[in-house]
Amino acid sequence: MSENKFSLDRRQFLGFGAVAAGAAAFGLAGCSPKTSDAKAADSSSKGSTSSAGNPAASGELTWLGAEPAIADADVKETVEADVVVVGCGLAGVAAARAAGEEGAQVVVFEKAEGPQCRSGEFAVINGDLEARWGRDTFDADQIVDHHMDECSYKTKRSIMSKWARHGAEVFNWYIGAKEDLYICDATRSEVPDEGAASYLIPIFQPLPEAYDWTKEEHPVYPTSVELLPSQAPVLEANMEKAVSESDVTPFYGYFVEKLIMEDGRCTGCYARNAKDGSYVKATAKKGVILATGDYASNTDILGYYCPEVVENGIQEMFPNVDVEGNPTNTGDGLKLGAWVDAAIQQHHAPMIHHMGGGADISGEGVMGIAGFLQLDKHGKRFMNEDVPGQQVENQIELLKDKTSYQIWDGAWKDELQYMPAGHGVACYYDESLPKNNETYRNYKSQAKLDAAVAEGRCFKADTLEELFDQIGDIDKEAALASVARYNELAHAGKDEDFGKVSSRLFALETPPYYAVAMEPALMLVCLGGLASDEDAHVYSNAGDVIPGLYAAGNIQGDRFAVQYPISLKGVSHSMALYYGYVAGKNAVQQV
Ligand SMILES: Cc1cc2nc3c(=O)[nH]c(=O)nc-3n(C[C@H](O)[C@H](O)[C@H](O)COP(=O)(O)OP(=O)(O)OC[C@H]3O[C@@H](n4cnc5c(N)ncnc54)[C@H](O)[C@@H]3O)c2cc1C
């Protein structure tokens, strides 16, 4: 194989794998992910900032534009409801069902062709479900404090805390709509054929014996579950239940473009029917719930709140599209809110956690982010590799070339058991293939590794010299010196250079040797919404509750800030679900 041919193949694999990695890791294999055009994003943000300096600093919402003027002549239909829900993702479905169960007349507008979701991880703290696995004794306050710390205390503790105490009940309510959901005893239990279309696993059950989260510098709480093969059947069952058992009417293919305010209260909205461009005017006697998701596909808003994401060329991976073929997460809720003087939180949190390099077509990174040695292209070690995925991503983004190489050796099968049970970490060695439940990304086998090597996604060599020759674009002499130093630290049992715990400091001296390239990960969503509280209220710029207006899901602000913490797998889904439920109940009761 010529050098050129090899490097072309490798780039192709890495490029494809990077997209697929996110896709499969989040249950999206088979969907075609939309990626934002980084160049467009770059020029868009520069265009908006060049003349006026940093627009965010002035407070001017340069991305907002004028609120549409919708004339009554454009209104073809008027509908009356108690509660109007804008958006039919996880939060919107929960809101609609919760409000409907209170006897309310509910109208739901959704710009896609039906309910939307992705992936299926949920954090569930304590409660009946977790008790099945003996995982119901967590100290919710400790978890909440950790979340607050990870978000630099820029979020509201009351929001996190209420969810942590009551989210488990609402998760039971959610899965209760899917009566034939199969619940596994362990992460890799066999699943009977009748359960294969919709089943639930406890993640990290059983935990690796060596893992004690109470002693970890970066604990990951083993209190998450996953709906597989995706949560779509459960979400759809909830919507069906809402529509069939209560007065909930969905309008699919309708774009809400404007909220209606009367005497300072939100009393409805205008929605455009994509089929003919006409408008529906919906009045809400009790409340309007915004459940419109995030804004990561709107490069003007992204460049305004998270310029570093644009500057670092981070690509987005978001699969859902509206009936006009555009991504659904375009920040409509931020605009709708801002036009009626709703405040927007500061310090937004892009969700960009690394899941490992050299992903296969189904998206699984070869060794995930297991804390093996990483070297940059200069052959230098640059980090304590034993950190969660968001932190791995942050460290790689700091590199000049934004690329590192994760390197391990033939002793990996014994070493994985000492890795942390963390999001995207390889921490189990297992050659088995449980029926209908074959893949789970924390589990690694020789078969998977051999496939990665055969497909050119992973380097393999009998000596370190050969390994670095194969990689090619790494300073070989410096890399060899770095490995020698790393081995010295491993033998001494103390990482004097970067402080990695000795139990995960493994000398590289057992051939064969392996390596994968680690490049920046994909952004999934960008979390930053309307100023809110534990009742899902929306606040004005003056700091007052806007009567009649509620927010849930990614449009609800003050839940995540600065970065997305990955110590609680599935916390984003879980909070979207919980506050959708809260918003639905509160809107009906006009809390
Ligand atoms: C690939 C991927 C994998 C993920 N995996 C996980 C995971 O494992 N765990 C986790 O916790 N989180 C995960 N997330 C994040 C998680 O999916 C979201 O945070 C969560 O689903 C948000 O739910 P939501 O209801 O707020 O928004 P959405 O699900 O985005 O729903 C919003 C809905 O509102 C509609 N809408 C928007 N504007 C309008 C309008 N003007 N008029 C009418 N309708 C409108 C949209 O079409 C959309 O259907 C992942 C995200 C991605 C992209």
>> It is to be established whether one or more residues within the stretch 565-573 are open to solvent by less than 10 Å² (accessible area, probe 1.4 Å), within 16 Å of the ligand (Cβ to nearest atom) and farther than 30 Å from ASN312 by Cβ.
In response: no
> Can you tell me which residues in the stretch 279-319 are of a type in the set (Gly, Ala, Ser), within 15 Å of the ligand (Cβ to nearest atom), more than 23 Å from ILE546 (Cα to Cα) and open to solvent by 10 Å² or more (accessible area, probe 1.4 Å)?
Replying inline: SER297
>> For the list (1) surrounded by 13 or more Cβ atoms within 10 Å (Cβ to Cβ); (2) away from the ligand (no atom under 16 Å from the Cβ); (3) closer than 30 Å to VAL321 by Cα, I need the number of the one condition that ASP136 fails.
In response: (3)
> Restricted to the stretch 134-181, and to residues that are part of a helix (DSSP H, G or I) and β-branched (Val, Ile, Thr), which residue is nearest to ALA242 (Cα to Cα)?
Replying inline: ILE175
>> Among the residues that make up the stretch 245-264, is at least one of them of a type in the set (Ser, Thr, Tyr), touching a residue at least 60 places away in the same chain (Cβ under 8 Å) and away from the ligand (no atom under 13 Å from the Cβ)?
In response: yes
> If you go through the stretch 371-389, how many residues are touching a Pro at 6+ places or on another chain (Cβ under 9 Å) and open to solvent by less than 10 Å² (accessible area, probe 1.4 Å)?
Replying inline: 1
> If only one of TYR539, TYR486 is more than 16 Å from the ligand (Cβ to nearest atom), among the aromatic types (Phe, Trp, Tyr) and open to solvent by 10 Å² or more (accessible area, probe 1.4 Å), which one is it?
Replying inline: TYR539
> Failed condition for GLY103, given (1) in contact (Cβ under 8 Å) with a residue 40 or more places away in the chain; (2) open to solvent by less than 10 Å² (accessible area, probe 1.4 Å); (3) more than 16 Å from the ligand (Cβ to nearest atom), with all others met?
Replying inline: (2)
> Do we find that GLY553 is out of contact with any Ser or Thr (no Cβ under 6 Å at 6 or more places or on another chain) and open to solvent by less than 20 Å² (accessible area, probe 1.4 Å) in this structure?
Replying inline: yes
>> Please go through the stretch 309-331 and give me each residue that is in a helix (DSSP H, G or I) and touching an Asp or Glu at 6+ places or on another chain (Cβ under 8 Å), ordered by number.
In response: VAL310, GLU311
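The values are calculated or read from the model by the stated rules, or taken from the named source; none is laboratory data. Keep in mind the model is a prediction, meaning the values are calculated, not measured. Cβ coordinates were reconstructed from backbone atoms using ideal geometry, including for glycine residues, and neighbour counts include every protein chain displayed. These area figures cover heavy atoms from the full protein model, side chains too; ligands, DNA and RNA do not enter into them. Shrake-Rupley method; radii C 1.70, N 1.55, O 1.52, S 1.80 Å.
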